[in-house]
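Q: First the structure, which I've put down as structure tokens, then a few questions once you've had a look.
Since every read-out is calculated from the coordinates, none of them should be taken as a lab result. What you see is a predicted model; the values in this text were computed from it and never measured. Quick reminder, even Gly has a Cβ in these numbers, built from the backbone with ideal geometry, and neighbours come from all protein chains shown.
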Amino acid sequence: MVRLTGPFSRLDRCKVLVAGDLMLDTYTIGKAKRISPEAPVAVIHVQREENRPGGAGNVVLNLVSLGAEVVALSRLGNDVYGKVLKDILIQEKVDVSGLLIQHDYFTPVKNRVIAENQQIVRIDHEQLISLSAELEEQIVEQIPHLLEGIQVVALSDYGKGFLTKKLLSSLIQQAQKRGIPVITDPKGTDFSKYSGSTMIKPNLGEAYAAANLSLDMPLELVAERIFEKTSVEVLLITRSESGISIFERKGQRLDFPVRVHEVKDVTGAGDTVLAMLSYALGNRLSLAEAAQLANVAAGIAIEHLGCARVTLTELAQRLLAYDVVNKVFDEDHLFALKKALKGQKIALMSISIQGGLTPFIFKSIRELSQKAHMKLLLYIRDAQPSDDSINMLASLREVEFIILNTHNFEDFCNLIKPDEIHCLENNHLLDSPDSHLARQQQTNIQNYV
């Protein structure tokens, strides 16, 4: 049996609680055609306006795009912006039972004016108002219920006053008691309030500020200072286009340089990292695997203007450009495969490699791969295929993915919904426009083998 080394193949649906400061990001998009006669500023002719959840809401949207089930815990103002924000989250199928109204609070709004793909100005509407004691107590009492079925907690602190020390302490302790990892994106210089988190992930500037060190000091010393002030086991420092550095309390350091085509905008990259880390650790991937995926996701995010939502399809495409280990899936890991193939045209070929890799197999792969706009999937119907043969097939650029040990071929086809199905038998490539007939042929082939 081939060992599945690709972390992407082990991603599945998981349930995440995102707690933090929600805000509404609004975009006024238009063209700058002239200079105002009133002042030396551009006049923007508005073409469209957009609303998107920002702050912790961007973490929520990224998790939804990755395939997670998300519960949001935050506060909103009793205003039109809070209603718009809540409605968007409901449309995204987010559990909003943890969104509470504070009547003296105003939902933060950040309006970005954009012309010719350039941000001209940002206009912020916000008032920093503390979380009311009554609402704080109500949330603390609600935490045990909100944690039911949760596999990971993501804390997104934007310093707007929602994540109080009492709320953080209660949430982290309750999660610890249930063995739920807590991933924290901090704010400010006092990281001690996040003690008990599984991981803290500041950016470079936040890390140096929390350690009270100048930027010319080594990063190892920064990590040492932060570990002295908190009880966390892992510190992950994001460094924008320079990548990610991970420090463990026991002294180990890992560095992941980001691979990016073109840096356009680092806005929201930290949210993407938090979402990907939470999703990966919620699926029980190792710390190194989670960090690698988060780094790739961040690389995709900073290639877009504004806060980008990274999907599993984009992640799969980027991973396959780097290596082939993420090509191989078995029947227990098909959720991520389905996401990766969303919107793609698929040709599925069922083969047996029990007798080795024959020239006809390679010939058939080449023929099918030449079909326009088709992604070629190989379905290996042998119970125990050779590792060497699988590695050889995975190295072929014509092969998009390889599927192993899926005992029910018809169920697999119903899940993936290929556009074409082909069966390779005795040096003959059998195909039929009738999917049911092709599946029946596959059943006969399996019985024959």
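Q: With the radius of gyration and the Kirkwood radius both derived from the Cα set of the chain, what is their ratio Rg to Rh?
A: Value, to two decimals: 1.03.
Q: Same structure again: Express the relative contact order of segment 328-441 as a whole percentage, based on alpha carbon pairs under 8 Å and six or more residues apart in sequence.
A: 34
Q: May I ask you to derive the FRET efficiency for Leu254 and Arg397 from their Cβ-Cβ distance with R0 = 30 Å, giving the value to the nearest 0.05?
A: After rounding to 0.05, the efficiency reads 0.55.
Q: Quick one: check the C-alpha center-to-center distance for segment 343-357 versus segment 109-131, whole angstrom.
A: What the calculation gives is 51 Å, centre to centre.
Q: So what J values fall out for segment 58-65 if you push phi through Karplus, 6.51 cos²θ - 1.76 cosθ + 1.60 with θ = phi - 60°, rounded to Hz, Gly and Pro as x?
A: 5, 5, 4, 5, 5, 5, 4, 4
Q: For the chain, give the share of DSSP beta bridges that are antiparallel, in percent and rounded to the nearest 5; count only bridges with both residues there.
A: Around 40 percent of the beta bridges assigned by DSSP in the chain are antiparallel ones.
Q: How large is ³J(HN,Hα), in whole Hz, for each residue of segment 14-19 in order, when computed from phi with the Karplus curve 6.51 cos²θ - 1.76 cosθ + 1.60 and θ = phi - 60°, using x for Gly and Pro?
A: After applying 6.51 cos²θ - 1.76 cosθ + 1.60, I find 9, 10, 10, 9, 9, 10 Hz.
Q: Another question, then. Short version: ³J(HN,Hα) in whole Hz for each residue of segment 336-346, in order, from phi by Karplus 6.51 cos²θ - 1.76 cosθ + 1.60 (θ = phi - 60°), x for Gly and Pro, what are they?
A: My calculation for segment 336-346 gives 5, 4, 4, 5, 5, 9, 4, x, 9, 7, 10 Hz in order.
Q: Below 8 Å between Cα atoms, with a sequence gap of 6+, how large is the relative contact order for segment 66-208 in percent?
A: About 16 percent, as a whole number.
Q: Still on this model: In degrees between 0 and 90, to the nearest 10, how far off the longest principal axis of the chain does helix 359-369 point, with axes built from Cα atoms?
A: 50
Q: On to the next question. Report the full-extension gain for the segment Gln370 to Gln317: residue separation times 0.36 nm, less the Cα-Cα distance, to one decimal in nm.
A: 17.2 nm
Q: When a/c is below 1.5 the answer is rounded, else prolate if a/b is larger than b/c, else oblate, so apply that to segment 328-441 with a ≥ b ≥ c taken from the square roots of the Cα gyration tensor eigenvalues.
A: Rounded.
Q: Sticking with this structure for a sec: Please go through the residue pairs Lys110/Lys187; Lys86/Lys342; Lys86/Lys345; Lys160/Lys229 and name each one whose alpha carbons sit more than 29 Å apart in this structure.
A: From the list (Lys110/Lys187; Lys86/Lys342; Lys86/Lys345; Lys160/Lys229), the Cα-Cα distance tops 29 Å for Lys86/Lys345.
Q: Please get the size of the charge dipole for the chain, origin at its Cα centre, with Cβ charges of +1 on Lys and Arg and -1 on Asp and Glu, quoted in debye to the nearest 20.
A: That gives a dipole near 360 debye.
Q: Run the numbers on the chain and let me know its relative contact order in percent, using alpha-carbon pairs under 8 Å that are six or more apart.
A: About 14 percent, as a whole number.
Q: Rank by packing, highest mean first: peptides 162-168, 195-201, with packing defined as the count of other Cβ atoms within 10 Å averaged across residues.
A: Result, highest mean first: 195-201, 162-168.
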